[in-house]
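Written below as structure tokens is the structure these notes are about.
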Amino acid sequence: MLRLVNSFEATRTGTRYQSEMTIGTDAWLGRFGFNQVMRSRVLAGEKALAWARHHIEEVGNLENFLPSLHETEIAAGRRGLAEPSRHPART
């Protein structure tokens, strides 16, 4: 009952990155206490801070390899060696 969605959007000055985490459910079970229990156990206190630090570090490293990986994928597709990866962006 945990979902993490990362999305990228081209902007005039570069790329906008957004990360959205959902803990729990919209179902009736969630409204009757399940979400509160899940949220208090999944990323409570220090776990939440540790996850936030990890995610910031992980995303901060994208600029070190993502542009070259993207160019490699595009070049491979142009040469017919591989179909570039297609990951639908969530809007």
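Quick look at the numbers
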| quantity | calculated |
| --- | --- |
| Checking Asp26 against (1) charged (D, E, K, R); (2) loosely packed, with under 12 Cβ neighbours inside 10 Å; (3) assigned to a helix (DSSP H, G or I); (4) at pLDDT below 90, the condition it does not meet | (3) |
| Within the stretch 16-35, considering residues that are polar (S, T, N, Q) and touching a helix residue (DSSP H, G or I) at 6+ places or on another chain (Cβ under 8 Å), the one farthest from Glu63 (Cα to Cα) | Thr25 |
| Sole exception among (1) exposed (fewer than 11 other Cβ atoms within 10 Å of the Cβ); (2) touching a helix residue (DSSP H, G or I) at 6+ places or on another chain (Cβ under 7 Å) for Arg3, by number | (2) |
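One line per residue, one yes/no per condition, for (1) within 21 Å of Leu4 (Cα to Cα); (2) over 17 Å from the mean Cα position of the chain (by Cα); (3) not aliphatic (A, V, I, L, M):
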{"position": "Leu29", "(1), (2), (3)": "yes, yes, no"}
{"position": "Asn35", "(1), (2), (3)": "yes, yes, yes"}
{"position": "Met38", "(1), (2), (3)": "yes, yes, no"}
{"position": "Ala50", "(1), (2), (3)": "yes, no, no"}
{"position": "Glu57", "(1), (2), (3)": "yes, no, yes"}
{"position": "Glu63", "(1), (2), (3)": "yes, no, yes"}
{"position": "Glu73", "(1), (2), (3)": "no, yes, yes"}
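The values are calculated or read from the model by the stated rules, or taken from the named source; none is laboratory data. Worth saying up front: this structure is predicted, and the values here are computed from it rather than measured. Note that each Cβ is placed from the backbone with ideal geometry, even for glycine, and that neighbours are counted across all protein chains shown.
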